[in-house]
Amino acid sequence: MTRKITDEQPRVRFDCGKCPAFCCSVYPRVAVTPRDIKRLAQHFGVTPDEATKRYTKMSGTSRILRRKGDPIFADVCRFLDPVTRGCTVYHARPAVCREYPGSTRCTYYDLMKFERRIQDNPNAIPLIQISFQDAPQQSETGASEDED
């Protein structure tokens with residue numbers, strides 16, 4: 001009897017090396033924690049206070065990463081390399097970036113592959129902009145309060 005040895009990790013179905021870095025561009029607010037700031041400070045050899053000043057800013061009550069202009073998207077994470085489209089602080093990146101996309105699939109990568117296939121253009125880059133709003137509250141009858 002032959003036993004098959006398998007890796008317990010689920011198969012990832014995206015390739016960051018073939019993506020223009022949607023995750024670094026579509027989210028205008030990348031929140032950072034004190035631990036993230038310490039990691040960046042260590043990476044750059046500066047104090048956490050200096051890292052906070054250089055690499056982050058406040059947005060409302062959240063501390064977020066600063067952004068910069070980009071040749072493909074309007075603006076992106078300040079740590080995105082505009083040529084390689086890779087993270088310049090990969091080993092010091094914030095927790096939210098380490099966790100992304102949180103599954104074996106990346107919606108943006110899937111969208112890009114779909115558009116390239118449909119448009120018959122291997123270089124097509126869909127320009128995506130995300131904004132958020134709260135969903136309407138549901139009443140006890142199941143209808144949204146806007147419909148009542």
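The values are calculated or read from the model by the stated rules, or taken from the named source; none is laboratory data. The model shown is predicted, which means the values in this text are computed figures rather than measured ones. Don't worry about glycine lacking a Cβ; one is built from the backbone with ideal geometry, like all the others, and counts go over all protein chains shown.
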- Message: Restricting to region 94-122, and then to whatever is at pLDDT 90 or above and acidic (Asp, Glu), can you tell me which residue is nearest to ILE37 (Cα to Cα)?
- Response: GLU115
- How do the pairs read when you match residues in region 1-30 that are modelled with pLDDT under 70 with residues anywhere that are among the basic types (Lys, Arg), using Cβ under 9 Å and keeping only pairs 6 or more apart or on different chains? VAL12/ARG105
- Inside region 40-90, can you point out the residues that are among the basic types (Lys, Arg) and closer than 18 Å to CYS23 by Cβ? ARG66, ARG67, LYS68, ARG78, ARG85
- May I ask you to verify whether VAL96 is under 16 Å from SER25 (Cα atoms) and surrounded by 14 or more Cβ atoms within 10 Å (Cβ to Cβ)? yes
- Item | Test set (1) touching a strand residue (DSSP E or B) at 6+ places or on another chain (Cβ under 9 Å); (2) surrounded by fewer than 15 Cβ atoms within 10 Å (Cβ to Cβ); (3) farther than 20 Å from SER25 by Cα; (4) not charged (D, E, K, R) - THR52 fails condition number | (2)
- Query: Residues of region 58-75 being at pLDDT below 95, in contact with a Ser or Thr (Cβ under 9 Å, 6 or more places away or on another chain) and not acidic (Asp, Glu), which ones?
  - Reply: ILE72, PHE73, ALA74
- Task: Give, as residue ranges, the strands (runs of 3 or more DSSP E) completely inside region 52-148 that count at least 2 residues that are of a type in the set (Phe, Trp, Tyr) and in contact (Cβ under 8 Å) with a residue 40 or more places away in the chain.
- Result: none
